[in-house]
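Working notes for the structure below.
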Amino acid sequence: MRVLQKPSFLKAYKRLYANQKEDLDEAIKAIMKNPDIGQIKSGDLSGIHVYKFKMNKLLTLLAYTYEDQTITLTLLALGTHENFYRDLKRYPK
């Protein structure tokens, strides 16, 4: 499986501490095992999945897309619930 990272995800990833990166890596592995694990969004965010997980006891959201034909997982954004969906709508598709 090919995993791509968009600039907004990389920006958030670089700010994380080592123990937070471990929690995130576990979440990405869970998504790679089962790409349908995240909740599918509709409307403006159609085609985007959001996976919720705990990172240092804090609920964190990870937005991604998955293309079955090319077996590609694209990580779009990472953050807490506050303004997450608003910022995700602004992200170019």
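The values are calculated or read from the model by the stated rules, or taken from the named source; none is laboratory data. Treat the numbers as computed from the prediction; the structure is a model and nothing was measured. Every residue, glycine as well, gets a Cβ built from its backbone with ideal geometry; the counts of neighbours run over all protein chains shown. Side chains included, ligands, DNA and RNA excluded: accessible areas come from the protein's heavy atoms. Shrake-Rupley method; radii C 1.70, N 1.55, O 1.52, S 1.80 Å.
Can you spot a residue in the stretch 4-16 that is in a loop (DSSP other than H, G, I, E, B), hydroxyl-bearing (Ser, Thr, Tyr) and surrounded by fewer than 16 Cβ atoms within 10 Å (Cβ to Cβ)? No, the conditions are met nowhere in the stretch 4-16. Look at (1) among the aromatic types (Phe, Trp, Tyr); (2) touching a strand residue (DSSP E or B) at 6+ places or on another chain (Cβ under 7 Å); (3) without any contact (Cβ under 8 Å) to a residue 40 or more places away in the chain and you find that TYR17 fails only one, number (2). Consider GLY47 against the criteria (1) loosely packed, with under 11 Cβ neighbours inside 10 Å; (2) assigned to a loop (DSSP other than H, G, I, E, B): it satisfies all of them except one. Which criterion is unmet? Here GLY47 meets the rest and fails (1). Candidates in the stretch 24-40 are the residues that are buried (at least 16 other Cβ atoms within 10 Å of the Cβ) and not hydrophobic (A, V, I, L, M, F, W, C); of these, the one that is nearest to LEU88 (Cα to Cα) is GLY38. Residues considered: LEU73, LEU88, LEU61, LEU78. Of these, the only one that is open to solvent by less than 50 Å² (accessible area, probe 1.4 Å) and not in a strand (DSSP E or B) is LEU88.
Could you list, in sequence order, the residues of the stretch 6-50 that are polar (S, T, N, Q) and over 14 Å from TYR66 (Cβ atoms)?
Initially, the stretch 6-50 is screened for residues polar (S, T, N, Q), giving 8, 19-20, 34, 39, 42, 46.
Across the stretch 6-50, the qualifying residues are SER8, ASN19, GLN20, SER42.
Contact map, the stretch 36-51: residues that are farther than 12 Å from LEU62 by Cα paired with residues that are at pLDDT below 95 and open to solvent by 70 Å² or more (accessible area, probe 1.4 Å), Cβ distance under 7 Å, separation 6+ or inter-chain. Pairs shown: ASP44/LYS89; LEU45/LYS89.
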